[in-house]
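Everything below concerns the one structure shown next.
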Amino acid sequence: MTDAAQETSYVTTSIPYVNANPHLGFALELCVADAFARHRRARGRRVRFVTGTDDHSLKNVIAAERAGVPTAQWVADHAAAFEALNGALGISANEFQRTSASPAHGPAVRALWEACARRGDLYRRPYRGQYCVGCERFYEPEELANGRCPEHDAPLETIEETNWFFRLSRHADVVREAIESGRLRIVHEGAREETLAFLRGPVRDISVSRSAARARGWGLPVPADPSQVVWVWFDALCGYLAALGYGGIDAGLLDAFWCGDGERVHVIGKGIARFHAVYWPAFLESAGLPWPTDLLVHGYVTVEGEKISKSGRTIDPAPLIAEYGADAVRYFLLRHIRTARDGDFSIARFRQAHDAELANGLGNLASRILALVAKLTNGLVPAPGVELARDEDLRREALKLPSEVDDAVDRLSLDGALSAIFRLVDATNRFLTIAAPWEHAREGRAALAAATLRTALEALHVIARELAPFLPATSEDLRRRLEAPPLEDQVGWNALPTGRPLSKGPPLFRRTGERVTPPRAYGP
């Protein structure tokens, strides 16, 4: 990257409904967005990273009614569970915003609505259509699957009311051309093609309000029309601008992170791709605002082959994190759920990856190297020595790792970045086995043993640094054991201070053992 310190990255997750507690699928989204944001920071960019919750959904109202509690209490309690998941996973967001609680949100929604109205893109008319509460949208007959919602496989409501409409048809061509040219990059081939197929067909205007009566009075009122509330998706998408001060007095963050030349990356699930790839750019175009630059569309997480959801069969990530640690969960989600594809979770696959790759791979490598330092160089970092051909091979492989990670992250392939890191883990383990510094020491070649250990230590240091965006706690622990320079310092090879005492410490990851304690699963 050129002049990274002058570049900006604005990274967001979607803001999910809080009709139920978060599931493993949203944990994936948090981890993907967090790893991307941490990587950009590590490379010197100015980063703003925002997550939060979408409180103004009819789904939330219905869930609260079923529970017999006020809607405001329901959304506050469940938003707290989403915020707690951020903390449990070590998410580095600058802001956690709630659409019903953030003082900046209402002004942003009003400002965008009024900007679209000035453009002549909003009008009022009666409407009758098929509505899915789960998706919070109307469906056209040709979009249904046997008369049911294609996303939830559920029947739809027939709704007849007067709404405000947005002239989506006016902006469809410019959105399609932006996606075709790559100006708006959608990283998920299936979502990209589905979006283009929609835009190449007849594009109809969309309803962007709901009657206040049907919404039970929950939501933001349409400016100058209190009989209507703003459609939850128009409301929610404004959150990306609200978090930067749009519609407020101080537009410093908006100028820096949205209206400048930096990247604007939304991390979302494929089930909400159309809202972000079609409706959102159209709203922004109408308002005369810049668009996102990238949509990173992750797939679905299934549990042993079955789709999960908050209201269906799912895995609660909280006990999984409590039992195995945040980094173990982050690792599985980021490496074994390919970033832009669907992936499957099972406790057996999770434990196998944990033991084989984290405990026996990375953890064993760190333990081997630090134990050998304790035994062969009195626990001190040895000085660099004469490198043999195999040392040079490992050094060359280690020094190309940062660019491999950069390339994978730029392609929004976080699983690819972790695969590159763990190739170096495997290469360093093989190097130790073949170089056998203990043999050099036993045969009186102490200098050669020390030089070999220095090579292994430096490779481990490169691994620790490159792991920081993905497994932040493990990276910090390992760099602390290596007495490594601060992460923000730009260092290459031979960065570890010679003569500094090192300690082995406990295992980075303990094997799960024979006893299985599965995480709590709930739902039908």
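Backbone geometry of segment 253-269 corresponds, through the Karplus equation with coefficients 6.51, -1.76 and 1.60 at θ = phi - 60°, to 3J(HN,Hα) couplings of 5, 4, 4, 6, 10, 10, 9, x, 9, x, 8, 10, 10, 9, 9, 9, x Hz, x marking Gly and Pro. Between A67 and A322, residue separation times 0.36 nm minus the direct Cα-Cα distance comes to 89.0 nm. Legend: ranking of residues C259, C238 from fewest to most surrounding C-beta atoms inside 10 Å; resulting order C259, C238. Taking the inverse of the mean reciprocal distance over all distinct Cα pairs, the Kirkwood hydrodynamic radius of segment 370-427 comes to 13.3 Å.
Counting only residues at least eight positions apart within a chain, or on another chain, the lysines with an alpha carbon under 18 Å from that of K307 are K270.
The alpha carbons of the chain occupy a box of 90, 51, 39 Å along the principal axes, longest dimension given first. Phi angles across segment 220-228 convert, under the Karplus curve 6.51 cos²θ - 1.76 cosθ + 1.60 with θ = phi - 60°, into 3J(HN,Hα) values of 8, x, 5, x, 6, 8, x, 6, 10 Hz, Gly and Pro given as x.
Of the GluC sites (Glu not before Pro) found in segment 209-311, the ones in coil according to DSSP and having at most 16 other Cβ atoms within 10 Å of their Cβ are E304. Over the chain, DSSP H runs of length four or greater, each weighted -39,500 (n - 2.57), average out per residue to a 222 nm ellipticity of -13000 deg cm²/dmol. If the segment from R510 to A348 were pulled out straight at 0.36 nm per residue, it would be longer than the present Cα-Cα gap by 56.7 nm.
The separation of segment 194-246 from segment 408-426, counted between C-alpha centres, amounts to 38 Å. Give me the percent of Cα-Cα pairs in segment 4-299 that sit more than 29 Å apart, rounded to a whole number. Result: 31 percent of Cα pairs exceed 29 Å.
Shape analysis of segment 34-117 places it in the oblate category; the axes a ≥ b ≥ c from the Cα gyration tensor give an a/c of at least 1.5, with a/b not above b/c.
With neighbour counts taken as other beta-carbon atoms within 10 Å, the residues R338, R210 rank, fewest first, as R338, R210. With respect to the chain, whose longest principal axis is taken over its alpha-carbon atoms, helix 168-181 is tilted by about 20°. Length available on full extension from D407 to W438: 0.36 nm per residue minus the Cα-Cα distance, which gives 7.5 nm. Relative to the longest principal axis of the Cα atoms of the chain, the long axis of helix 364-376 makes an angle of roughly 30 degrees. If R0 is taken as 60 Å, the Cβ-Cβ distance between R124 and N378 corresponds to a FRET efficiency of 0.15.
Read-outs: derived from the displayed coordinates by stated rules, not from any lab. A quick note: this is a predicted structure, and the numbers were derived from the prediction, not measured. Note that each Cβ is placed from the backbone with ideal geometry, even for glycine, and that neighbours are counted across all protein chains shown.
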